[in-house]
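Asker: The structure's right below; bear with me while I get my questions together.
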Amino acid sequence: MGAADGNKPIYTQTANKLGRVLAKAGHTIIYGGANVGTMKALADGAIEEGGYIIGVFPSGFRGRNEVQAQNIEILREDLSETIFTEDFGSRIAKMDELSDASIVLPGGFGTFQEMFSYLVNQQIGIHSKPVILFNLNGYYDTLLKFFSEIEKEGFISLTEGRLRVVSDFDQVKEILKEIK
């Protein structure tokens, strides 16, 4: 999830639906705690379905300049629980610690930072939790092609199941059933 909506409605629609799907299935949702972008859409969907949602938010963060200028509160106030961390690095570590899996929807630099952190933690044996890359409308096709090149060069191994690429909600549900 990201702090932006993206330029196509399908990004926020998918995040909202994912929140609904996870809440209906009884999963606790752990996310960045923001009230903007696809993060907001995910939380909206989960809350509308009565889901339990935990926001993990860096205590000193006040939001991007454009958000501040519009007087938009970036911290979501109506979550089941909010955990404050010192900074973005400890936010990622806390989300990783609390979660059973990571689902990566289209997003920007923050999304990539979180995904790579989870993948590195898998690689070095801190955990073996699945990282589920939701390749919505081929959003991650170029990245996956790059990963294939890196694997060919011997720097990573995707055959170890580190990254689970999906393109629909049924595939997400199947992976989550495996870890219950």
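Asker: Of the conditions (1) within 26 Å of G33 (Cα to Cα); (2) modelled with pLDDT of 90 or more, K145 fails just one. Which one is it?
Answerer: With respect to (1) within 26 Å of G33 (Cα to Cα); (2) modelled with pLDDT of 90 or more, K145 is out only on (1).
Asker: Turning to a different aspect of this structure: Return the residues of region 1-44 that are open to solvent by less than 20 Å² (accessible area, probe 1.4 Å), in a loop (DSSP other than H, G, I, E, B) and under 14 Å from L105 (Cβ atoms); say none if nothing qualifies.
Answerer: G2, G32
Asker: Right, another one. Condition first: outside any helix (DSSP H, G or I) and exposed (fewer than 12 other Cβ atoms within 10 Å of the Cβ). Now tell me which residues in region 136-147 satisfy that.
Answerer: None - no residue of region 136-147 is outside any helix (DSSP H, G or I) and exposed (fewer than 12 other Cβ atoms within 10 Å of the Cβ), so the list stays empty.
Asker: When you check E174 against the structure, is it out of contact with any Leu (no Cβ under 8 Å at 6 or more places or on another chain), surrounded by fewer than 11 Cβ atoms within 10 Å (Cβ to Cβ), of a type outside the set (G, A, S) and over 21 Å from I54 (Cα atoms), yes or no?
Answerer: No.
Asker: Against the condition open to solvent by less than 50 Å² (accessible area, probe 1.4 Å), modelled with pLDDT of 95 or more and either closer than 29 Å to F57 by Cα or within 12 Å of the chain's Cα centre (by Cα) (or both), how does L163 come out, does it pass?
Answerer: no
Asker: What tally of residues in region 148-180 results from selecting those that are assigned to a loop (DSSP other than H, G, I, E, B) and not β-branched (V, I, T)?
Answerer: Residues in region 148-180 being assigned to a loop (DSSP other than H, G, I, E, B) and not β-branched (V, I, T): 11 in total.
Asker: Looking at (1) aliphatic (A, V, I, L, M); (2) more than 20 Å from G55 (Cβ to Cβ); (3) surrounded by 12 or more Cβ atoms within 10 Å (Cβ to Cβ), find the lone condition where I124 falls short.
Answerer: (3)
The values are calculated or read from the model by the stated rules, or taken from the named source; none is laboratory data. On a predicted model such as this, the values are computed, not experimentally measured, just so you know. Ideal geometry is used to build each Cβ from the backbone, glycine not excepted, and the neighbour counts take in all protein chains shown. Surface areas here come from the heavy atoms of the whole protein model, side chains and all, with no ligands, DNA or RNA. Shrake-Rupley method; radii C 1.70, N 1.55, O 1.52, S 1.80 Å.
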